[in-house]
Amino acid sequence: MRTEDVFLFVKRFLIFILASIVFIVILSLPLARGGNKLPQDKLNNITYNMKHDNVVVINEIKVKVYRDKTNKIEEMNLEDYIKGVVASEMPAEFHIEALKAQTVAARTYAVTHIKSLGGSGCSKDKNADICDTVHCQAFMSKNDRMAAWPKDKSNYYWSKIEEAVNLTKGQVLKYNGEVIKGAYYFAISSGKTENVKDVFSAALPYLKSVESPGEEVAPKYKSTSAYSYSKLASIINEYFDKSIVSPSNLKTNIKIKSKTEAGGVKEIQIGSKTLKGSQFRSMLGLNSTHFSINFGKKDIQIVCTGYGHGVGMSQWGANIYAKGGKSYNQILTHYYQGVKIEQIN
Ligand SMILES: [Zn+2]
């Protein structure tokens, strides 16, 4: 063997040895870390911790609910409270995506009332966060709600409510990173929702008039209230605490002055006074501010379209969108323009 050949042989041998070592080291690395198991375990652990942290934070939030019938305050977990609200505020036979949308709106509304989270509380009781009537939002305990449903459906209905709440656990509506103050919702629209400033006092960027089609199918979509001339005159005079109309001059003294973008009554003239449509609605207990007045021979008929104040999410509208394939996220961002669905914290 020539010297050059010996060098070449040694060189090739060393390269082979080196390559083998590199090869073995590369192969053995995953084994040294326990194969693919460890990274997956780590991943699971992180996911678990995130979920776990989340659960702890959400479950720590308590709400003091003023019970109207007993005049007592009951403290409960926020998520349990939300189940009792969704079960009372929306028919359980509604589509699951509509129930999820209702859950997020109800939770958002609750959070803005919980005093330990900087909320406003309820004016009915200074120690309470929220009450169980439509003054804040309706709430029933699980037992009461189950008893009010048909017996053969109550378990199915409650499990649907629980599913909607669990699938949206801790989620609220935020605008520019802040929980929104006006998570209003109502039963039935007249085809469009109301701009908040036409119904309540302040304007809010996420509460503008939006389309809400297809609600004619709702049972209370149209309603008629009839009053004798003397009855309506006496209600009005009682409201103003002085005689401003009489049965004989009612027809010429009531005039709709202006309407909202959604077609509701914005202002109504009664004698020399001007009322907001919402004030006229509460004076007579009408279903909505979307009304017309017919002066008949014997009585006065007020025909309303829709049910509720008309601001924010329409519950029937949400169900119609859900049945048409929209997700709760799409429903909520339609009724509350520009908001994001995020965790409370
Ligand atoms: Zn209240």
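The values are calculated or read from the model by the stated rules, or taken from the named source; none is laboratory data. Please read these numbers as outputs of a predicted model, since none were measured by experiment. Positions of Cβ are backbone-derived with ideal geometry, glycine not excepted, and every protein chain shown enters the neighbour counts. These accessible areas exclude ligands, DNA and RNA; they are computed on the full protein's heavy atoms, side chains included. Shrake-Rupley method; radii C 1.70, N 1.55, O 1.52, S 1.80 Å.
Could you check the spin-label model distance between ARG12 and ASN294? Points 7 Å from the Cα along Cα→Cβ, value in nm.
10.7 nm
Using modelled backbone amide H atoms (1.01 Å from N, in-plane), which distant-in-sequence or interchain residues come within less than 5 Å of GLN137's amide H?
CYS131
Sorting check: for 97-105, 126-134, which peptide has the highest mean count of neighbouring beta carbons within 10 Å, and how do the rest follow? Spell out each step's value before the answer.
Working: 97-105: 27.8, 126-134: 18.8.
Order by mean packing, descending: 97-105, 126-134.
Which residues does a label at SER282 reach in segment 195-228, if reach means a backbone N under 18 Å from a point 7 Å past the Cα toward the Cβ?
195-203
If segment 51-138 were replaced by its equivalent ellipsoid, with semi-axes equal to the square roots of 5 times the Cα gyration tensor eigenvalues, what would those be, largest first, whole Å?
Numbers: eigenvalues 84, 63, 23 Å².
Computed over segment 51-138, the values are 21, 18, 11 Å.
Stretch ALA147-LEU117 to full length: gain in nm at 0.36 nm per residue minus the Cα-Cα span? Please list the in-between numbers first.
On the way: separation 30, 0.36 × 30 = 10.80 nm, distance 3.29 nm.
Net length gain for the segment: 7.5 nm.
Please compare each pair in LYS169/LYS326; LYS100/LYS142; LYS153/LYS326; LYS220/LYS323 to a cut-off of 24 Å on the Cα-Cα distance and tell me which ones are over it.
Details: LYS169/LYS326 20 Å; LYS100/LYS142 18 Å; LYS153/LYS326 26 Å; LYS220/LYS323 19 Å.
Violating the 24 Å Cα-Cα cut-off are LYS153/LYS326.
With no solvent and one point on each alpha carbon, what is the Debye value of log10 I(q)/I(0) for segment 115-266 at q = 0.12, 0.15, 0.18, 0.21 Å⁻¹?
So the normalised log intensities are -0.91, -1.25, -1.37, -1.39.
Can you work out ³J(HN,Hα) from phi for every residue in segment 310-321, in order, using Karplus 6.51 cos²θ - 1.76 cosθ + 1.60 and θ = phi - 60°, giving whole Hz and x for Gly and Pro?
After applying 6.51 cos²θ - 1.76 cosθ + 1.60, I find x, 9, x, 7, 7, 5, 5, x, 4, 5, 5, 4 Hz.
Return the loop-located trypsin sites (Lys or Arg not before Pro) in segment 180-256 (DSSP other than H, G, I, E, B) with at most 10 other Cβ atoms within 10 Å of their own Cβ; answer none if there are none. Kindly include the intermediate steps, with their values, before the conclusion.
On the way: sites: LYS181, LYS192, LYS197, LYS208, LYS220, LYS222, LYS231, LYS242, LYS251, LYS255; in loops: LYS181, LYS208, LYS220, LYS242.
Those satisfying the criteria are LYS242.
So what J values fall out for segment 206-218 if you push phi through Karplus, 6.51 cos²θ - 1.76 cosθ + 1.60 with θ = phi - 60°, rounded to Hz, Gly and Pro as x?
Result, ordered by residue: 9, 10, 10, 5, 10, 5, 8, x, x, 8, 4, 6, 5 Hz.
Between the alpha-carbon centers of segment 210-228 and segment 74-141, tell me the distance in whole angstrom.
Using only Cα atoms to place each centre, the spacing works out to 26 Å.
Quick one: what are the phi-derived ³J(HN,Hα) couplings along segment 136-141, Karplus 6.51/-1.76/1.60 with θ = phi - 60°, whole Hz, x for glycine and proline?
With the stated coefficients, segment 136-141 comes to 10, 8, 5, 9, 10, 5 Hz.
Taking the Cα centre of segment 112-194 as origin, work out the dipole magnitude from +1 charges on Lys and Arg Cβ and -1 charges on Asp and Glu Cβ, in debye rounded to 20.
Details: 12 positive and 9 negative charges, 7 e Å.
Using Cβ point charges on Lys, Arg, Asp and Glu, segment 112-194 gives about 40 debye.
Counting just the Cα atoms, what span does segment 215-304 cover along each of its three principal axes? Round to the nearest Å and put the largest first.
For segment 215-304, the Cα extents along the three principal axes come out at 40, 27, 19 Å.
What number in nm² do you get for segment 251-313 if you take the convex hull of its Cα atoms and divide its surface by four? Don't skip to the end; give the middle numbers.
On the way: hull surface 17.7 nm².
Orientation-averaged projected area of the Cα hull: 4.4 nm².
How much length is gained on full extension from SER248 to SER154, taking 0.36 nm per residue of separation minus their Cα-Cα distance? Write out the running numbers ahead of the final one.
Details: separation 94, 0.36 × 94 = 33.84 nm, distance 5.30 nm.
Gain on stretching SER248 to SER154: 28.5 nm.
Using a cut-off of 15 Å between beta-carbons, work out the net charge of the residues near TYR66 (Lys and Arg +1, Asp and Glu -1, TYR66 not included). Don't skip to the answer; put the middle values down first.
Numbers: positive: LYS62, LYS64, ARG67, LYS69, LYS72, LYS115, LYS124, LYS126; negative: ASP68, GLU74, GLU75, ASP125, ASP129, ASP132.
Counting the neighbours of TYR66, the net charge comes to +2.
Take the Cα radius of gyration of segment 76-180 and divide it by 2.2 N^0.38 Å, with N its residue count; two decimals is plenty. Don't skip to the answer; put the middle values down first.
Working: Rg = 13.8 Å, N = 105, 2.2 N^0.38 = 12.9 Å.
The reported ratio for this selection is 1.07.
Under a Cβ-Cβ cut-off of 11 Å, what is the net charge of the residues other than GLY277 that fall near it, where Lys and Arg count +1 and Asp and Glu count -1? Walk me through the intermediate numbers first.
Numbers: positive: LYS257, LYS259, LYS266, LYS276, ARG281; negative: GLU194, ASP198, GLU267.
Result for the local shell: +2.
About its Cα centre, what dipole magnitude does segment 223-345 give when the only charges are +1 on Lys and Arg Cβ and -1 on Asp and Glu Cβ, stated in debye to the nearest 20?
On the way: 15 positive and 6 negative charges, 64 e Å.
Charge dipole of segment 223-345: 300 debye, to the nearest 20.
Straight distance only, please: which lysines reach the Cα of LYS231 with their own Cα at less than 23 Å, same-chain residues fewer than 8 apart left out?
Output for LYS231: LYS222, LYS242, LYS251, LYS255, LYS257, LYS273, LYS276, LYS297, LYS298.
Compute the accessible area per residue over segment 128-225, keeping the other protein chains in place, probe 1.4 Å, unit Å². Intermediate results must be reported in sequence, preceding the final value.
Details: 4830 Å² over 98 residues.
I get 49 Å² per residue for segment 128-225.
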